[in-house]
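Notes for the one structure printed next.
The values are calculated or read from the model by the stated rules, or taken from the named source; none is laboratory data. Worth saying up front: this structure is predicted, and the values here are computed from it rather than measured. Positions of Cβ are generated from backbone atoms using ideal geometry, with glycine treated the same way; all protein chains shown enter the neighbour counts. Each accessible area value is taken on the protein alone, full model and side chains, heavy atoms only, with ligands, DNA and RNA left out. Shrake-Rupley method; radii C 1.70, N 1.55, O 1.52, S 1.80 Å.
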Amino acid sequence: QVQLVESGGGLVQPGGSLRLSCAASGIIFSSYAMAWYRQAPGKQRELVAAISSGGSSTRYADSVKGRFTISRDNAKNTVYLQMNSLKPEDTAVYYCAAGSDVVLFGIEPGSWGQGTQVTVSS
């Protein structure tokens, strides 16, 4: 059974940084593309960043390019999202997800975590 457990969310001031982590179990981690999605109140869920199974390809939402970085450690079965220069509009529940490499082409993955709240506010 796939388990994805996010951590690292919280309250941060505008301009600050957070690093989200997602620990995966129940899958051959290195065979899966990993992604971070977010959903703000009253808005649709959107892809924030994705990384291919081998780690060589990434995709970012235009709104986070240059500020967020997705990475993975296949030895630790963990994917990270480093978020810098955070803005109030980044406030959302952030979800970790796992799927095939088509995730990088916008196809939603099949396995999801429970989400972690990120709030950017002064």
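Pro14 falls short on exactly one of the conditions (1) in a strand (DSSP E or B); (2) touching a helix residue (DSSP H, G or I) at 6+ places or on another chain (Cβ under 8 Å), and that condition is (1). Taking the numbered list (1) touching a residue at least 40 places away in the same chain (Cβ under 8 Å); (2) at negative phi; (3) out of contact with any Lys or Arg (no Cβ under 6 Å at 6 or more places or on another chain) in turn, Arg67 passes all entries but (1). So for the stretch 10-23 (the condition being at pLDDT 95 or above and either farther than 22 Å from Gln117 by Cβ or of a type in the set (Phe, Trp, Tyr) (or both)), does at least one residue qualify? No, there is no match, as no residue in the stretch 10-23 is at pLDDT 95 or above and either farther than 22 Å from Gln117 by Cβ or of a type in the set (Phe, Trp, Tyr) (or both). For the stretch 46-61, the count of residues that are at positive phi, open to solvent by less than 50 Å² (accessible area, probe 1.4 Å) and touching a Lys or Arg at 6+ places or on another chain (Cβ under 8 Å) is nonzero. With respect to the conditions (1) over 21 Å from Ser122 (Cα atoms); (2) surrounded by 13 or more Cβ atoms within 10 Å (Cβ to Cβ); (3) without any contact (Cβ under 8 Å) to a residue 60 or more places away in the chain, Gln1 lacks only one, and its number is (2). Suppose the filter is under 19 Å from Leu86 (Cα atoms) and either without any contact (Cβ under 8 Å) to a residue 12 or more places away in the chain or surrounded by fewer than 16 Cβ atoms within 10 Å (Cβ to Cβ) (or both); does Ser31 pass it? No, not satisfied.
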